[in-house]
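Q: So that we are looking at the same thing, I have put the structure below in structure tokens.
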Amino acid sequence: MFLLKRCAVQLPALLLFSLGVCLANAQKAPIEITADLTDAPRKLFHAEIDIPVSAGAVTLISPEWIPGHHMPSGPAGGITGVVFTANGKPLEWRRDDVNLYEFHLTIPAGVTTLHAHLDSIVTRRVSQRLAALEWEALMLYPAHVPVKDIPIQPSVKVPAGWGIGTALKPVSGGSYPVPPAGAVTKFAATNVEQLEDSPILTGLYFHEYPLAPSISPKHFLDVAADAPEDANMRPAVLAEVANLVREADALYASHHYNEYHFLLTLSDVAGGMGLEHGQSSDNGVGEKGFADDVHQLPESDLLSHEFTHSWNGKYRRPVGLYQPDFATPMQGALLWVYEGMTQYWGDVLAARSGLKNADEYKDGLAMVAAELDYTRGREWRPTVDTAVAASILRGGNRAWENWRRSQDYYFEGELLWLDADTLIRKMSDNKKSLNDFAKLFLGKGGNTGPLIVTYTFDELVQDLNQVVSYDWAKFLHDRVDRINPRADVAGLEQGGYKLVYRDKPSKSERMIQAAEGRRGGGVNCWYSIGLSVGADGTIGDVLWNGPADKAGLAPGEKIMAVNDKVYSGDALREAIREAKDSSKQIRVIVQADSFVSTMQIDYHDGERYPALERVDGTAGYLDDIIKPLTTPEKAPEQKKDDAE
Ligand SMILES: [Zn+2]
């Protein structure tokens, strides 16, 4: 275990030669940065930055490897309008020829402060009524210096009447959470590493809800929405999120933040986000994402997942995923812990908190297990390679994704940690569980402020052995590093259930389809003819070596007709039912680029949808796992001094 305390720095020798170190050592005063978000509705942020300097060559840099993104996604390409001045006079700059995130300047004699103005073109997390600022969009700081050693004092200006939610601490003179029009809200000085980890949410329709007042330190749900009614969270949801705080407190038995803020947007244009931070999380769902149980189900583990990351990912971080700057490439080999165990606990905590119910939890596990079992790429690619290659598997075209594999370390990790949990319960006659491991591994060191403590594979194995003695190294290597053509369903079976396929979708699958309907949800015939099809007939992916693949269909093609009927989801499902137990083939007319052809799908087993079935006479550990550890509290009162 390697402790990376902010006060104890050991610099690699080669960095001592860099000019940046001289800059940092000389730098007593913090960088001052003011983010101006008043143009957020026009998709622009602005920044004024004062950087302490001394005469000579200076290299400034903006972040490239953003923690939690697992890829080099720094927003340097969107930074525009950069003007450097010293004592009021413009200074020339030149971008580095190799590292495009670096700016080189020469500071004239007598200058102690370099001023930088920049604009940032923002394409995500902004709407006409709200914005989320991740500070990397605006930051410039000395290159080749550990970012935790660079002091910085942030301020923000938001549109008139918009509230502010953040884990940053406002200093006296600032108003919070709704500052007066035109005011600059100043926050306490921190360092570049922490500021990058401390986003700001702002919005016109803004509410800050205190959560679970009996738990220390304080927790808040900060909500900004595009419509005023959506910012009024349902009391049931507030009670469930408060339960989440109390359940995480009981499970992890520690905190690694001074105060925690769930930042949540409800917007159809700014949504689709979940990014972890140590003292907050940046969460985005659709306008109606928490309006009713149907819309809530696909989002039910979002807050619990990102909250878990405060412990697993932020506090405890795989050694390769921590780098002292945001320029050195991160190494993702242990993402099946960072993300995979977070996926496991995120779902378990959602069920323990009531954000989803027990049936929804089990239906979700069935969908995860089935999807992984039908991922044909596992015949050539081990799970560890989906983690190592995470940065080239994010985003992009989904064609043939089941043959390529995707970021499977999330859900592979969920099944793996379920396997471990149920195995520990089985070996200890249900006296020990993965709860004990979570407390040991994620709560090590007790309560701390924001802190990063790295770990290795060996420490995982040691801590698992402290819970129950077993060959955990082999257990993990077998599941992660080896080719496993079938998914790890041992956790389901040890938990008292088995994965089965039924001719109708589970209630949860129908709810998710309904929730996603307005986003163009399609038909799930993945486990029958091996196709994922959008509402308009466009093929998302084709199961490698499945019936549709054998018929010659390909991703991106569009099904125009099924058995002489114009394409619709219902027509396709009807054709699958008609072909069941008969010799009749399913005939589709398909458009590929500018050509049309007819294809025959030879499949006769009817519709198939995954579900979990209880195995009588076995221990029901799966049901034990989702039992709450605490007793629910009454929903918190809404604050009175909020914006609209
Ligand atoms: Zn995550």
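Q: For the range 152-302, give me the percentage of DSSP beta bridges that are antiparallel, rounded to the nearest 5 percent.
A: Details: 19 of 32 bridges.
For the range 152-302, the DSSP antiparallel bridge percentage is about 60.
Q: In addition: Determine by what factor the alpha-carbon radius of gyration of the chain differs from 2.2 N^0.38 Å, reporting the quotient. Don't skip to the answer; put the middle values down first.
A: Working: Rg = 26.1 Å, N = 644, 2.2 N^0.38 = 25.7 Å.
Dividing the Cα Rg of the chain by 2.2 N^0.38 Å gives 1.01.
Q: Can you give the calculated 222 nm mean residue ellipticity of the chain, where each DSSP H run of n ≥ 4 adds -39,500 (n - 2.57) and the sum is split over every residue, rounded to the nearest 500 deg cm²/dmol?
A: On the way: 20 runs with 173 residues, N = 644.
So the helix-based figure for the chain works out to -7500 deg cm²/dmol.
Q: Round to the nearest 0.05 the FRET efficiency obtained for Asn357 and Asn465 when R0 = 45 Å and r is the Cβ-Cβ distance.
A: Numbers: r = 35 Å, r/R0 = 0.77.
With a Förster radius of 45 Å, E is 0.85.
Q: Determine, from the Cβ-Cβ distance of Glu516 and Ala181 and an R0 of 30 Å, the FRET efficiency 1/(1 + (r/R0)^6), rounded to the nearest 0.05.
A: Numbers: r = 39 Å, r/R0 = 1.31.
With R0 = 30 Å, the Cβ-Cβ based efficiency is 0.15.
Q: Report ³J(HN,Hα) in whole Hz for each residue of the range 250-256, in order, from the Karplus equation J = 6.51 cos²θ - 1.76 cosθ + 1.60 where θ = phi - 60°; Gly and Pro get x.
A: Using θ = phi - 60°, the values come out as 6, 6, 8, 6, 5, 9, 10 Hz.
Q: Roughly what angle does helix 569-578 make with the longest principal axis of the chain, taking Cα atoms, 0 to 90 degrees, to the nearest 10?
A: So the inclination is approximately 30 degrees.
Q: To the nearest 20 debye, what is the magnitude of the charge dipole of the range 352-424 about its Cα centre, counting +1 on the Cβ of each Lys and Arg and -1 on the Cβ of each Asp and Glu? The partial results should precede the final answer.
A: Numbers: 10 positive and 13 negative charges, 66 e Å.
Dipole of the range 352-424, to the nearest 20 debye: 320 debye.
Q: Lys and Arg at +1, Asp and Glu at -1: add these up for the other residues within a Cβ distance under 14 Å of Ile539 and post the number.
A: On the way: positive: Arg398, Lys558; negative: Glu401, Asp536, Asp541, Asp549, Glu557, Asp593.
Net charge around Ile539: -4.
Q: How about Lys43: which lysines have a C-alpha closer than 21 Å to its C-alpha, ignoring those fewer than 8 places off in the same chain?
A: Lys157
Q: Here is a further query. Computed from the mean reciprocal separation of all distinct C-alpha pairs, what Kirkwood hydrodynamic radius does the range 561-602 have, in Å? Don't skip to the answer; put the middle values down first.
A: Details: mean 1/r = 0.0939 Å⁻¹.
Value: 10.6 Å, from the Cα pair sum.
Q: If you take the alpha carbon radius of gyration of the range 406-506 and divide it by 2.2 N^0.38 Å, what ratio comes out, to two decimals? Walk me through the numbers on the way to the answer.
A: Working: Rg = 15.7 Å, N = 101, 2.2 N^0.38 = 12.7 Å.
Expressed relative to 2.2 N^0.38 Å, the Cα Rg reads 1.23.
Q: OK, next. Take the alpha carbon gyration tensor of the range 38-127, find the square roots of its eigenvalues, order them as a ≥ b ≥ c, and report rounded if a/c is under 1.5; if not, report prolate when a/b exceeds b/c, else oblate. Numbers along the way, then the final one.
A: On the way: a/c = 2.54, a/b = 1.51, b/c = 1.68.
It comes out oblate by the Cα gyration axes.
Q: Quick one: Cα centre-to-centre distance for the range 87-165 and the range 548-597, in angstrom?
A: 53 Å
Q: Which is farthest toward the positive dipole end of the range 502-552 among Pro547, Gly537, Asn524, measuring Cα position about the Cα centre, with Cβ charges +1 (Lys, Arg) and -1 (Asp, Glu)?
A: Asn524
Q: Just to verify a number: FRET efficiency for Ser214 and Asn99, C-beta to C-beta distance, R0 = 56 Å, to 0.05?
A: On the way: r = 49 Å, r/R0 = 0.88.
Here the calculated transfer efficiency is 0.70.
Q: A further question on this structure: So for the pair Val566, Asn232, with labels modelled 7 Å out along Cα→Cβ, what separation do we get in nm?
A: Taking the simple label geometry, Val566 and Asn232 are separated by 4.2 nm.
Q: Assign unit charges at the C-beta atoms only (+1 for Lys and Arg, -1 for Asp and Glu), then state the dipole size of the range 454-538 relative to its Cα centre in Debye, rounded to the nearest 20. Walk me through the numbers before you get to the answer.
A: Numbers: 11 positive and 12 negative charges, 125 e Å.
Once rounded to the nearest 20, the dipole reads 600 debye.
Q: Sorted by average packing, counted as other Cβ atoms within 10 angstrom per residue and highest first, what order do 408-414, 451-457, 427-433 take?
A: My ranking of the peptides, most packed first, is 408-414, 451-457, 427-433.
Q: What's the extension gain from Thr618 to Asp536 if we count 0.36 nm per residue and subtract their Cα-Cα distance? Provide the component values of the computation, followed by the final result.
A: Values: separation 82, 0.36 × 82 = 29.52 nm, distance 4.44 nm.
Full-extension gain reported as 25.1 nm.
Q: Mind checking the dipole of the chain: about its Cα centre, +1 per Lys or Arg Cβ, -1 per Asp or Glu Cβ, Debye to the nearest 20?
A: Numbers: 63 positive and 86 negative charges, 90 e Å.
Rounded to the nearest 20 debye, it is 440 debye.
Q: Considering only Val453, Ser508, Gln494, whose Cα is most displaced toward the positive end of the charge dipole of the range 429-514, charges sitting on Cβ of Lys, Arg (+1) and Asp, Glu (-1)?
A: Ser508
Q: Over the chain, what is the percentage of antiparallel beta bridges among all DSSP beta bridges, to the nearest 5?
A: Values: 88 of 111 bridges.
The answer is about 80 percent antiparallel.
Q: Beyond 14 Å, how much of the Cα-Cα pair distribution for the range 136-189 remains, as a whole percent? Mind dumping the intermediate values first?
A: Numbers: 822 of 1431 pairs.
Here the long-distance tail beyond 14 Å is 57 percent of all Cα pairs in the range 136-189.
Q: What are the residues whose amide H is under 5 Å from the amide H of Tyr260, where those residues sit 5 or more places off or on another chain and H is modelled from the backbone?
A: Amide H to amide H, under 5 Å and 5 or more residues apart or across chains, Tyr260 pairs with Lys218, His219, Phe220.
Q: Now for a separate question. Would you pull out the residues with amide H under 5 Å of Arg317's amide H, same chain only if 5 or more places away, H placed 1.01 Å from N?
A: Placed amide hydrogens put Val453, Thr454, Tyr455 under 5 Å from Arg317.
Q: Which of the lysines could be linked to Lys362 by a straight reach, that is with a Cα gap under 17 Å, when you skip same-chain ones fewer than 8 residues away?
A: Candidates past the 8-residue exclusion: Lys498, Lys504, Lys507, Lys627.
Q: Write down the percent of antiparallel bridges among all DSSP beta bridges whose residues are both part of the range 227-354, to the nearest 5. Could you put the intermediate results ahead of the total?
A: Details: 4 of 11 bridges.
The antiparallel fraction comes to roughly 35 percent.
Q: For each pair in Lys444/Lys474; Lys356/Lys550; Lys356/Lys558, compute the distance between the two Cα atoms and list the pairs where it is over 29 Å.
A: Details: Lys444/Lys474 24 Å; Lys356/Lys550 39 Å; Lys356/Lys558 35 Å.
The pairs that break the limit, which is 29 Å between Cα atoms, are Lys356/Lys550; Lys356/Lys558.
Q: Quick one: give the max-minus-min coordinate of the C-alpha atoms of the range 416-573 along each principal axis, largest first, in Å.
A: Reported extents, whole Å, longest axis first: 65, 35, 28.
Q: Straight-line reach from Lys28: which lysines fall under 20 Å, measuring Cα to Cα and dropping same-chain residues less than 8 apart?
A: Those lysines meeting the cut-off are Lys5, Lys148, Lys186.
Q: With unit charges on the beta carbons (Lys and Arg positive, Asp and Glu negative) and the dipole taken about the Cα centre of the chain, which residue among Tyr609, Gln323, Val588 sits farthest to the positive side?
A: About the Cα centre, the residue reaching furthest to the positive side is Gln323.
Q: Take Ile121 and Ser594, extend 7 Å from each Cα along the Cα→Cβ direction, and tell me the distance between the two endpoints in nm.
A: 3.1 nm
Every number in this text was worked out from the coordinates using simple rules, so none of it is lab data. In this text, all values refer to a predicted model and were calculated from it rather than measured experimentally. All Cβ positions, glycine included, derive from the backbone under ideal geometry; neighbour counts span all protein chains shown.
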